[in-house]
1. Counting only the backbone N, which residues of the range A:316-340 are under 16 Å from the spot 7 Å out from the Cα of residue A:292 toward its beta-carbon?
2. Using helices alone, I'd like the mean residue ellipticity at 222 nm for chain A: each DSSP H run of four-plus residues gives -39500 (n - 2.57), total over residue count, nearest 500.
3. Compute the FRET efficiency between residue A:157 and residue A:219 as 1/(1 + (r/R0)^6), taking r as their Cβ-Cβ distance and R0 = 30 Å, and round to the nearest 0.05.
4. Taking neighbour Cβ counts within 10 Å as the exposure measure, how do A:168, A:492 sort from fewest upward?
5. What whole-number volume per residue, in cubic angstrom, does the convex hull of the C-alpha atoms of chain A give?
6. By how many nm would the segment from residue A:109 to residue A:495 grow when fully extended, if each residue of separation counts as 0.36 nm and the alpha-carbon distance is taken off?
7. Rg to Rh ratio, the range A:192-274, alpha-carbon atoms and Kirkwood radius?
8. Which three semi-axes in whole Å describe the equivalent ellipsoid of the range A:288-369, each the square root of 5 times a Cα gyration tensor eigenvalue, listed largest first?
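Each value in this text was obtained by applying a stated rule to the coordinates, not by laboratory testing. Note that the coordinates shown come from a computational prediction; the quantities given were computed from them, not determined experimentally. A quick note on method: Cβ atoms are made from the backbone with ideal geometry, for glycine too, and the neighbour counts reach across all protein chains shown.
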DNA sequence: GTAGGGTTAG
């Protein structure tokens, strides 16, 4: 005797569990339901079964086959299956889930029976699935055809369908299309407004979101739409992007005087807005008024303190919070890196590993930035191996960080190698490569990369131009330098910053075009900084232009009176020009003013340990060996300089 | 049944 079939309640429970049963078990359940006559469209079973089938197998063909066994299915079953898929957390894995949704949808259309055609519930689920995929990675597809069907089947007057379509367009298509749908739609409700406002904020157009919000407030009476907390979360977030504290206070006031629900999310976004607008005090006071703080609340405060350089407070927040996911770890680490406390960032990473928190892409990017700043090549290579071992996707951000790390840590070959392996490079990736090449003296390669980048249609920005200009500077390519400097303004409408001017002035000065350099100093739109005057001074000293050199030196003293270096250099310039008296006078002035040289500091990494050195440092255990080596290098440089007949002063 | 927040490279 075969065992008796399980009771329907047991079957229902099996089908309703969050994790669907495996396909083999599903087929058995299916057979039991058929035998018990429980699959007519008036039962709940077809929907449950369809949803379970849709979720059961990652192999699309299996699920499709199993679903075909169920036909004819009522629309509600298809809807349930699409809904289950659109909510499933398998979305990280790519397009499989959406493909299955679209397959179900096609099966529904093809079934051709009167009881099974897409209805007002089908499209919201389906469009949500399409939009969610695009929000992840891999590009949205299929949504456009679905939108066509919406119009064909006359669902463009169903407010739920229209809202879902608006959201789909806002996420996957153009905001213009989403706006047109909104403007031309005969039906509109609070969700319609919120969808469009949220869309503008997400796509980085907060001004448009604000305009829409004020229109909404003005139309409130006849349109019967009152801004709710979803509206306000959108506009307050947009206000954070605008960095407009005054507006932020107004919106906060609006929230409090219009009975908008102060949920934790509302409070969190208010805090975030205040942090972005520069009022840590206001953020703190909002934080203190939150009753049930979430990880986001704490993390936002960490970000806030870190932004103001208050790393001790950030750390205190971090230590005080009751539970942590990867976000607060990343936020604190980002803070350390941005405040140049890179050693602390590395220490934090070790703590993170001890706490068994799985690092993600952001963690790796932070680690690599820390390594770049410390010149910690070995640690950087360890991170690279970690990425490969754990098969983290070599995203643009991660790849760019690797290129930057290798370039800044001195291994330009490896930087080039990684650069070639990044499948999708963006402007930042190209910029990192160009700057790396320039800093390693590969001027022509840097310029070639720049031209290639333009050819591929990538937009260079200010940093890219710092790269090419410094390449020209290193190689003395005056003509190219002039070309890029003018291109920046004429073709790319990029604002030329101090760094660009100092690069250009240095280039002109070194190449002997001191007049042109001086003219550029006189016409630059900002007050020249120490680097500019330093470049002028250097050129003057090289070419024996004492009067301009004196002027540059005076400016340098003015900018930083405590910097003793310039007095020394000025004295040297006089000495080289055989102006003994003036040289002595400067030295006397130095003694009189009591200016002392501030010790410079540099660090180097060896076997994963970072060593710091200051001038004349004798504290290291291997100090004798280090100084012997330094002496050797100095001799070699002098020797090479003699052979090439150039001056080695200032090199050592 | 539709909409909403925080960490992110040069």
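1. A:322-323
2. Values: 35 runs with 454 residues, N = 652.
Dividing the helical sum by the residues of chain A leaves -22000 deg cm²/dmol.
3. Numbers: r = 20 Å, r/R0 = 0.68.
My answer for the efficiency is 0.90.
4. Numbers: A:168 30, A:492 14.
Final ranking by Cβ density, sparse to dense: A:492, A:168.
5. Values: hull volume 153.4 nm³, N = 652.
Roughly 235 Å³ of hull volume per residue.
6. Working: separation 386, 0.36 × 386 = 138.96 nm, distance 5.53 nm.
Length gained between residue A:109 and residue A:495: 133.4 nm.
7. Numbers: Rg = 11.5 Å, Rh = 12.4 Å.
The Rg/Rh ratio comes out at 0.93.
8. Details: eigenvalues 78, 44, 20 Å².
The answer is 20, 15, 10 Å, longest axis first.
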